[in-house]
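The values are calculated or read from the model by the stated rules, or taken from the named source; none is laboratory data. All of these numbers come straight from a predicted model, not from anything done at the bench. Please note: Cβ atoms are built from the backbone with ideal geometry, for glycine as well, and neighbour counts cover all protein chains shown.
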Amino acid sequence: MVNLFSVTALFINGPLILAVSRKNNPNDFGLPGGKLDPGETPEEALCREVLEETGLKVKDFKVAFEDQDRVEGGESRPCRAYLVESWEGELETREAGVVRWVEPSVITDPTTSFHEYNIRLFTHLKKVGFRLI
């Protein structure tokens, strides 16, 4: 059993992916997601974080990537990415960030907070034959 720290959600809409900004910086985009609460399963955290950050209710999803080497603040922070295959609802955040559809390059830009993780995610997806477009 992997001791996960956080989860992320990958939503794909044609050539675009769904991204959310950091609460304190509307120009720093990444994937929806966040930390697991005590006693919460990764799947429960996924659904909760996506709803809070995007207003969308996740219906169907599958594991897309697991990054056991992710480090944040000098500490190990394993993260699992889920490919969200279906959802319902309208985009609206319950938090202070911005939510919008963007090109994948927006979240792999070196100026974004989690660009290294996002690059590893997309590199993995490409290796297993998954194409974003």
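Considering region 99-113, and only residues there that are without any contact (Cβ under 8 Å) to a residue 60 or more places away in the chain and in a loop (DSSP other than H, G, I, E, B), the residue that is surrounded by the most Cβ atoms within 10 Å (Cβ to Cβ) turns out to be D109.
Is it the case, given these coordinates, that A96 is farther than 14 Å from A19 by Cβ and either surrounded by 15 or more Cβ atoms within 10 Å (Cβ to Cβ) or touching a residue at least 12 places away in the same chain (Cβ under 8 Å) (or both)? Walk me through it before giving the result.
Details: farther than 14 Å from A19 by Cβ: yes; either surrounded by 15 or more Cβ atoms within 10 Å (Cβ to Cβ) or touching a residue at least 12 places away in the same chain (Cβ under 8 Å) (or both): yes.
When the stated conditions are applied, A96 passes them.
For region 15-58, the set of residues classified as more than 20 Å from E116 (Cβ to Cβ) and among the hydroxyl-bearing types (S, T, Y) consists of T41, T54, listed by residue number. With respect to the stated conditions, E92 is in a loop (DSSP other than H, G, I, E, B) and either over 21 Å from I119 (Cβ atoms) or of a type in the set (A, V, I, L, M) (or both).
In region 5-28, the residues that are within 15 Å of E52 (Cα to Cα) form Cβ pairs under 6 Å with partners that are among the hydroxyl-bearing types (S, T, Y) and surrounded by 22 or more Cβ atoms within 10 Å (Cβ to Cβ), at six or more places apart or across chains, as follows: A9/Y82.
Strands (runs of 3 or more DSSP E) fully within region 1-78 that include at least 1 residues being touching a Phe, Trp or Tyr at 6+ places or on another chain (Cβ under 6 Å): 6-13, 16-22, 25-30, 57-67.
E53: under 21 Å from D109 (Cβ atoms), acidic (D, E) and crowded, with 20+ Cβ neighbours inside 10 Å, yes or no? So E53 passes the test.
Considering only residues in region 114-133 that are more than 13 Å from R22 (Cβ to Cβ) and of a type in the set (F, W, Y), the one that is surrounded by the most Cβ atoms within 10 Å (Cβ to Cβ) turns out to be Y117. Before we move on, is K35 at pLDDT below 95, in contact with a strand residue (DSSP E or B) (Cβ under 9 Å, 6 or more places away or on another chain) and either of a type in the set (K, R) or surrounded by fewer than 17 Cβ atoms within 10 Å (Cβ to Cβ) (or both)? For K35, the condition - at pLDDT below 95, in contact with a strand residue (DSSP E or B) (Cβ under 9 Å, 6 or more places away or on another chain) and either of a type in the set (K, R) or surrounded by fewer than 17 Cβ atoms within 10 Å (Cβ to Cβ) (or both) - is met.
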